[in-house]
Amino acid sequence: MEFQQLEMFAAVVEQGSVRRGAERVCRTAPAVSIALRKLEEEVGARLFTRSERTHQELTASGQLLYSYATRILNLKREVVSGLQDLTNCRTGSVRIGANESTGLYLLPKLTHTFQETYPALNLETMYGNSESIIAALKDCQIDLALVAFTGDESTLRKHLIMRDEIVLIANPGHRLAKLSQVAIKELANEVLIAESAKSSLHEEVAQAFQESGTQLNARVANVTIEGIKRMVVEGVGVGFVPLMCVHEEEMRGELATIRVEGLSRQRELWLVHRDDASLSPAAEAFLKVGLRTAQGWAKAKASLNQQVSVRGKSANGYSKKFQPAGSYC
């Protein structure tokens, strides 16, 4: 029993004759008659009370088959419509994982653009450190990861979204706040407030301290980025955070940012997905929005650097007045 047979059968019933039913399904009357005869042979019963096809009246078997046929054909239409909606991003969801800094300061920007472009799609988020997010991605718990990922694994594909840097933050009244740059050795006696040792940012800071021959002694440990910022504002100590996380506080004069020699280098933030599994239409849509947004940031940064250069400053040395929230690609 095929869909086409059921469609012909339903058309004949609803149109009242083989001729009109054939016209609805765009087939010849003889072809429809043959299909109905084969259908009767398959079910083992007459479907119509009269053999001539000028006026069709259903038998009990025909009535039962028609009730099932209409449900089957309606379900088929629903399936086709649902698949089209999914393919054309009129429905669906994307699962994305992010660490604290990207989740608070980068993902909202991408989500806003994503929702404006695809208002019917849903977004599910997962938060954790970069290691746990990448593990969730490999385990197919999420579709995309937005992290500072430095690995180069064949099963993962990454797309650059923006560049940022790690900076030291201090209370504006702190002795270091007047400096534009310090050496790691100058921080040996400072009260350092640090993230969890599992965070990618903490790993980069620890590596830089090790390379400089300075012991990293976090007096206050396992603190979130938001917690580090609040403690620094209160004068507890100093801490390392991504530059994009303190733009607003810096503009309001609540925090001072200081570059650290050997540490304040650009770090890359990526959208990562499995290379051995196809993305859903919704995930593909989010990836496209992310890449398009990143291109916009890159153009904005290039324009800003050109304006600053015209004012007699180098593209890498513009003042904080013109500093964007992170060095977008």
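Helix 29-43 and the longest principal axis of the Cα set of the chain meet at an angle near 80°.
For region 164-266, relative contact order (Cα pairs under 8 Å, six or more residues apart, normalised by length) works out to 52 percent.
Add +1 for every Lys or Arg and -1 for every Asp or Glu among the other residues with Cβ under 13 Å from the Cβ of residue 25, and state the total.
Values: positive: 19, 20, 24, 27; negative: 2, 7, 14, 23.
Net charge in that neighbourhood comes out at 0.
The alpha carbon gyration tensor of region 164-266 gives principal lengths a ≥ b ≥ c with a/c below 1.5, which makes the shape rounded.
From the alpha carbon centroid of region 11-41 to that of region 103-141 is 52 Å.
Taking R0 as 25 Å, what FRET efficiency do you get between residue 138 and residue 206 from their Cβ-Cβ distance, rounded to the nearest 0.05? Can you show the working numbers first?
On the way: r = 25 Å, r/R0 = 0.99.
Approximately 0.50, to the nearest 0.05.
DSSP beta bridges fully contained in the chain are about 60 percent antiparallel.
For the chain, a Kirkwood radius taken over Cα pairs fed into Stokes-Einstein (4 °C, viscosity 1.567 mPa s) yields D = 53 µm²/s.
Relative to the longest principal axis of the Cα atoms of the chain, the long axis of helix 3-15 makes an angle of roughly 60 degrees. Report the residue, chosen from 132, 67, 303, that carries the largest GNM mean-square fluctuation when the chain is represented by alpha-carbon nodes joined by springs under 10 Å. For the chain, modelled as a Gaussian network with Cα springs under 10 Å, the answer is 67. A simple charge model with +1 on the Cβ of Lys and Arg, -1 on the Cβ of Asp and Glu and nothing else charged puts the dipole of the chain at about 1020 debye relative to its Cα centre. Sorting 76, 229, 109 by the number of Cβ atoms found within 10 Å of their own Cβ, with the fewest placed first, yields 76, 109, 229.
With springs only between Cα atoms under 10 Å, which of 136, 29, 256 fluctuates most in a Gaussian network model of the chain? Looking only at 136, 29, 256, the biggest GNM fluctuation is shown by 29. The long axis of helix 107-117 is offset from the longest Cα principal axis of the chain by roughly 30 degrees.
Nearest 500 deg cm²/dmol is fine: what mean residue ellipticity at 222 nm does the chain get from its DSSP H runs of n ≥ 4 alone, each adding -39,500 (n - 2.57), divided by its residue count?
Details: 11 runs with 145 residues, N = 329.
Only helices count here, giving -14000 deg cm²/dmol.
No value in this document is a laboratory result; all are computed from the given coordinates. Remember, predicted model here, so these are calculated numbers, not experimental data. Positions of Cβ are backbone-derived with ideal geometry, glycine not excepted, and every protein chain shown enters the neighbour counts.
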